[in-house]
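A short worksheet on the structure shown next.
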């Protein structure tokens with residue numbers, strides 16, 4: 001029984017998972033660094049996220065070795081949150097649709113970036129100088 | 001029953017074990033009570049953070065203003081070079097992963113009753129955590145003072161960006177801060193030998209909290225900074 005001895009596992013396993021988590025983090029950062037956009041960005045970011053979360057929960061938090069009574073108590077209740085997320089996504093899409101339709105905002109508007117704000121005056125001066 | 005006589009599946013319990021545990025008269029979870037309570041707390045905390053992230057999903061979907069581009073806002077340049085996108089957040093992510101590794105090792109050495117290694121690994125974990133929080137302080141002050149981001153508005157786009165950012169990263173930062181204090185407290189008690197008789201489950205319980213803080217950051221990193 002795990003309660004008698006505590007959760008003891010070979011150190012090598014922890015080192016391997018540790019390295020794997022570094023690699024997965026580097027992969028998710030690479031998605032942004034190489035500016036992957038669109039559906040591929042969503043797919044890659046969420047895949048790396050779920051893999052990282054899975055290894056942390058299963059190995060570092062030892063859920064893989066726990067008896068099912070505890071594992072289901074931990075993993076079961078949060079699954080209802082998936083329903084909340086789906087409902088809010090559907091509802092949110094509907095609300096934004098009606099707002100664009102009736103409030104006259106531009107759906108293709110682009111946000112400003114720090115360089116737009118801080119660099120603006122500077123660039124104008126340079127252009128005038130030329 | 002000797003450990004070797006019991007196969008891995010039986011030790012694990014399986015579906016039969018699940019039925020046995022839940023139909024037992026006395027006790028369902030065969031773990032120390034502190035560990036069961038920590039798990040129940042963490043499950044409830046999962047609900048809090050998921051509600052925050054779902055709220056973020058909803059305001060981001062429903063706002064008609066464009067959402068600020070995170071990789072440009074959180075870019076940082078070193079020595080006057082071109083800004084590197086999200087570099088500080090990436091460093092913070094690696095620091096938290098490092099701290100999770102040292103914590104996992106601390107739990108392992110705790111069960112081996114190696115007090116010295118457990119103490120120092122927990123201190124290393126706390127030090128990583130403290131450096132994470134100080135980087136977050138740097139990030140917040142840069143956003144507040146240089147970029148003019150406020151909970152009620154910002155110069156880039158949708159006003160909800162600021163409120164979501166401060167609420168979610170602030171709540172996570174508070175968890176890290178509390179975790180650093182908790183880890184140091186447990187570490188010094190380990191060193192004093194408080195758990196020599198009681199057993200070292202407390203290190204695993206503290207570890208669960210710390211891994212959870214790292215886990216939450218995995219989701220914040222993906223949803224708030226990358227997507």
**Asked** Hey, got the average number of other protein chain Cβ atoms within 10 angstrom for residues in B:64-77?
**Response** 4
**Rg followed by Dmax, in Å, when chain A is reduced to its Cα trace** = 23.6, 79
**Message:** For region B:36-89, what are Rg and Dmax over the alpha carbons, in angstrom?
**Reply:** 17.4, 51
**Complete:** Per 10 angstrom bin, beginning at 0 and ending with the bin that holds the maximum distance, the Cα pairs of the protein assembly as shown fall in percents of 5, 21, 29, 22, 13, 6, 2, 1, 0
**Item:** C-alpha long axis of helix A:79-103 to longest principal axis of chain A, angle in °
**Value:** 10 degrees
**Prompt:** In the Gaussian network model of chain B, springs joining C-alpha atoms below 10 Å, which of B:114, B:21, B:196 carries the largest mean-square fluctuation?
**Reply:** B:21
**Request:** Summarise the partner chain shielding of A:55-61 as one whole number: the mean count of Cβ atoms from other chains within 10 Å of each residue's Cβ.
**Result:** 6
**Asked** If you rank B:115, B:35, A:52, B:26 by fewest surrounding Cβ atoms within 10 Å, what's the result?
**Response** B:26, B:115, B:35, A:52
**Request:** Could you bin all the Cα-Cα distances of region B:52-134 into 5 Å bins starting at 0 and give me the percent of pairs in each, rounded to whole numbers?
**Result:** 3, 13, 14, 12, 13, 13, 11, 9, 7, 4, 1, 0
**Request:** Using only the Cα atoms of chain B, construct the convex hull and provide its projected area averaged over every direction, in square nanometres to one decimal.
**Result:** 16.7 nm²
**Fill in**
Gyration tensor on Cα atoms of region A:1-77, a ≥ b ≥ c root eigenvalues, a/c under 1.5 rounded, else prolate if a/b beats b/c, else oblate, says oblate
**Request:** Mind sorting B:181, B:205 by how few other Cβ atoms lie within 10 Å of their own Cβ, fewest first?
**Result:** B:181, B:205
**Message:** Please give the Cα centre distance for region B:35-60 versus region A:70-123, rounded to the nearest Å.
**Reply:** 18 Å
**Request:** Would you mind calculating the relative contact order of chain B from Cα pairs under 8 angstrom and at least 6 residues apart, reporting the percent as a whole number?
**Result:** 25 percent
**Prompt:** Looking only at B:149, B:186, B:43, which one moves most when chain B is put into a Gaussian network model with springs between Cα atoms under 10 Å?
**Reply:** B:43
**Message:** Rounding to the nearest 10 and keeping the result within 0 to 90°, find how far the Cα-based axis of helix B:33-62 lies from the longest principal axis of chain B.
**Reply:** 20 degrees
**Asked** Highest mean first, what order results for B:60-68, A:98-106 on Cβ atoms within 10 Å?
**Response** B:60-68, A:98-106
**Listed residues A:26, A:89, A:111, most fluctuating in chain A (Gaussian network, C-alpha, under 10 Å)** = A:111
**Asked** Taking Cα atoms, how many degrees apart are the long axis of helix B:14-23 and the longest axis of chain B, rounded to 10 and kept between 0 and 90?
**Response** 80 degrees
**Asked** Expressed as a whole number of Å, what is the distance separating the alpha-carbon centroids of region B:84-138 and region B:151-172?
**Response** 27 Å
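We did not get these values from a lab; they are worked out from the coordinates using the rules stated. From a predicted model like this one, the values you see are computed outputs, not experimental measurements. Note that each Cβ is placed from the backbone with ideal geometry, even for glycine, and that neighbours are counted across all protein chains shown.
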